Structure formats: structure tokens, C-alpha cells
1. Quick test of your reading of the structure: residue 294 fulfils all but one of (1) more than 22 Å from residue 187 (Cα to Cα); (2) more than 9 Å from the ligand (Cβ to nearest atom); (3) not in a loop (DSSP other than H, G, I, E, B). Name the failing condition by number.
2. List pairs: first in region 304-324 and over 25 Å from residue 384 (Cβ atoms), second within 7 Å of the ligand (Cβ to nearest atom) and at pLDDT below 95, Cβ under 9 Å, 6+ apart or cross-chain?
3. Check region 340-359 and report whether any residue there is within 12 Å of the ligand (Cβ to nearest atom), under 20 Å from the mean Cα position of the chain (by Cα) and surrounded by 18 or more Cβ atoms within 10 Å (Cβ to Cβ).
4. Looking only at residues that are more than 16 Å from the ligand (Cβ to nearest atom) and within 18 Å of residue 309 (Cα to Cα) in region 231-282, which one is surrounded by the most Cβ atoms within 10 Å (Cβ to Cβ)?
5. Which residue, of 55, 50, 120, is in contact with a strand residue (DSSP E or B) (Cβ under 9 Å, 6 or more places away or on another chain) and part of a helix (DSSP H, G or I)?
6. If you take the residues of region 305-334 that are assigned to a helix (DSSP H, G or I) and at pLDDT below 95, which of them is surrounded by the most Cβ atoms within 10 Å (Cβ to Cβ)?
7. Do we have residue 220 as under 19 Å from residue 386 (Cβ atoms) and more than 13 Å from the ligand (Cβ to nearest atom) here?
8. Across region 193-236, what is the total count of residues that are more than 24 Å from residue 267 (Cα to Cα) and assigned to a loop (DSSP other than H, G, I, E, B)?
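The values are calculated or read from the model by the stated rules, or taken from the named source; none is laboratory data. All values reported here derive from a predicted model rather than from experimental measurement. Cβ placement follows ideal geometry from the backbone for every residue including glycine, while neighbour counts extend to all protein chains displayed.
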Ligand code: C5P
């Protein structure tokens, strides 16, 4: 289990299972996480803040209205600090307050004030768990995107037997690990092209386009985060190499094709996100071209190789293309999918200034084959970094 640099806000509410959370805290720290603990008044009746402070290595937060505590790390700061909020044990009362969006103590307020994921680990008497109000609350927060971990069934502190026991600390730790280290693309090799190509005319002039590379780089980062081995073949751009990605820089379409040919030999997925120049100078001049009198200049161009088409016909991987169009986006995209014999195409409308080229946002219409049928899903508009995750998960699902 590796949780290094992960910031976990551990919220304790009133329940006998609170004592078990001391062990969870120890396991999270051992796995490298940074842990801050928030306790309700109910929790403090079962376990002391001093224990949780000693185990987490940080002062425990327990008061919404304490000016000193607010000056040190206020509730809004805490809500932003966390990568994940885990409430364990989550009592029936706390679940009800979180469902209602109450902000009557520090922990409930944090749940209202955060945009980060929240996991509830219920722990209560079986009758309280089975109660219709509790069940309705759980369904409501689950629909809102809360993770609900447990409860388990078994003997309870009060002597009852049934559903309501908190799952064990080791299982909670496993859920947290899975949350952060979900690697569905493990053992897959993804090759992604990104950015523009640059086609030489003479030593100081070239043909290129406005591609920023952001979409391709975001896809590379998302695939790497989800566990894939990623080779990013990139034209000249102003972006850092995404974490955990092997980047190979190229300039022209011919160079890009050469690198892609060898990189895709054992690839599972090829995503052609690069804006490859359609044409290049038929003969690039070795010397700087001189102005020839007052007449215009005719530059003879020839077509570049189609990298995506080459991969689709020579390699056994799932090939995904992009179609940047300014009109009839859907029709052109589908025609392109047929012409290049690829399994998926992501169409975007580059005539819009708010999305697409050079923007941080994008909106895609994704067409793909599913059991012989053509299907379409719309993704976005949203940040390219978020869109990339959705696209990578879609590719992995339908490939
Ligand atoms: O043919 P068109 O340029 O519109 O197709 C766009 C798609 O094909 C993109 O996925 C792009 O990366 C890819 N492509 C390519 N090699 C080319 C031209 C386009 O891989 N020479």
C-alpha cells in the first residue's frame, strides 16, 4: 500500500468503533499518508484527542468556533487541504446531518465546504442501520457521489447481531488504497501522439499549426495515472513531460511516423491526438531561400504520410483518432473513421474559441464501434485534464 503525499482527513463521530480508528490512522501513516483528524463531541466520549494527535502527528481539530484553531488552519483551509475525507465511524446522526447539509459542527461543516471526495464508513446498531430514515439518507448521499464503505454484518457491541458493524480498519485502508491507486490499465501499453508537426521549408522557415498539445498530454497523464505504460510522441510544444510518461520529441510528420512505427510494435492502444501537417515542402531548401524579384512564390507541397492510417492497417492495437473540424463535425468525423479504418474517433469543433485548440477546455463527440453498431457519447465541455480521464476510461471499456 503506497499513500505517500496523499492528504487524508479522518473524521471520527460518536460510536464504540471509534477506538478501532486509532489503528486505521496508524496504518495510513505507515503507508506514507498525511493525516489530519477531526473529532465530533460524540467521538471524544469514546477515544481521546490526545491518542489521535499522537498517532497522526498533527493536532486534532474539533471546534468550529475556536478563534485560535481557525487562525491555525480554518475550516475552509482544511476542506481544501484534503485529497479525501473519510468519516469513520459514521454514526446514524452524522449521516443524517451530512444528508441534510447541516453545518452545526466542524466535521459536518467540512463536508459542506469541500469539493473533495467523501467516504462514509457507517457503524451503528443493526436496527438503526435498517431504519428507513437511515436507508433513505444513505441512498441520497450515495447518489450525490459519497462513497459508502460497509457496514459489515456480525455481532454488535450491544449484543445484537446483524448489519451495522464498522468494516475493519484493514479493509478501510484497502478501500483508501484502491481509491488512490486504482490501476485499471495495468499491463497495457498506450502510444499517444500530441502537438503539431513542423515541416521544414528552409533552415529558418517552416509550416506548422496552432496545436498546443494540451489534449494529448492530458490523455498521456490520465493513462499513466490509471496504470498504463505510456509513450508520448510529441511535436514541439511548451509543456512538461507528464509524470510517469516516456516522451519522445519529434519535429516532422516523417519523424513522428518513424518513432510511432517502432513504439506501437507491442502497443494495446494508439491515440492520434497530434495535429499532423497534411503537407510538407516537396524539396526543403538546404540554404535560406532568397526573395526572387517582385513576383510571388509558388511552393510545391507533397502529402505527408498518414500516421493513424498506417497504425490502423499495420498494427494490432485499438486505434483512436481525433477530428478537428469547423463544420459538419459529426459527418466528417464518421467519414474519417471509415477512411482510416479506425475503431474510435473524437470529434471537436475548432471553430469555437472557448474550446479546442490552445484552450484548457474541450468538448468531444466520441463515435465508436460497439458489437458492429456505431455508438456516440458526448463528453464535456470541461477541463481537458478531466475530459482525458473520461476518454481514457471509455476507451478501456469499449476496446
Ligand atoms: O485526416 P485528418 O488530419 O483530418 O485526421 C485527423 C486524425 O488523423 C488525427 O487523429 C491525427 O492525429 C491523425 N493524422 C495522422 N497523420 C496524418 C494526419 C492525421 O496521424 N498525416
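1. So residue 294 meets the others, but not (3).
2. The qualifying pairs do not exist here.
3. Checking region 340-359: at least one residue is within 12 Å of the ligand (Cβ to nearest atom), under 20 Å from the mean Cα position of the chain (by Cα) and surrounded by 18 or more Cβ atoms within 10 Å (Cβ to Cβ).
4. So, considering only residues that are more than 16 Å from the ligand (Cβ to nearest atom) and within 18 Å of residue 309 (Cα to Cα), the one surrounded by the most Cβ atoms within 10 Å (Cβ to Cβ) is 268.
5. 55
6. First, the residues of region 305-334 that are assigned to a helix (DSSP H, G or I): 307-314, 329-334.
Next, only the ones that are at pLDDT below 95 stay: 329-334.
Details: 329: 17, 330: 14, 331: 11, 332: 16, 333: 23, 334: 17.
Across region 305-334, the extreme among qualifying residues is 333.
7. yes
8. Residues of region 193-236 that are more than 24 Å from residue 267 (Cα to Cα), as a first pass: 198-212.
Now narrow it down to the ones that are assigned to a loop (DSSP other than H, G, I, E, B): 198, 203-204, 208-212.
Going through region 193-236 one residue at a time, the tally reaches 8.
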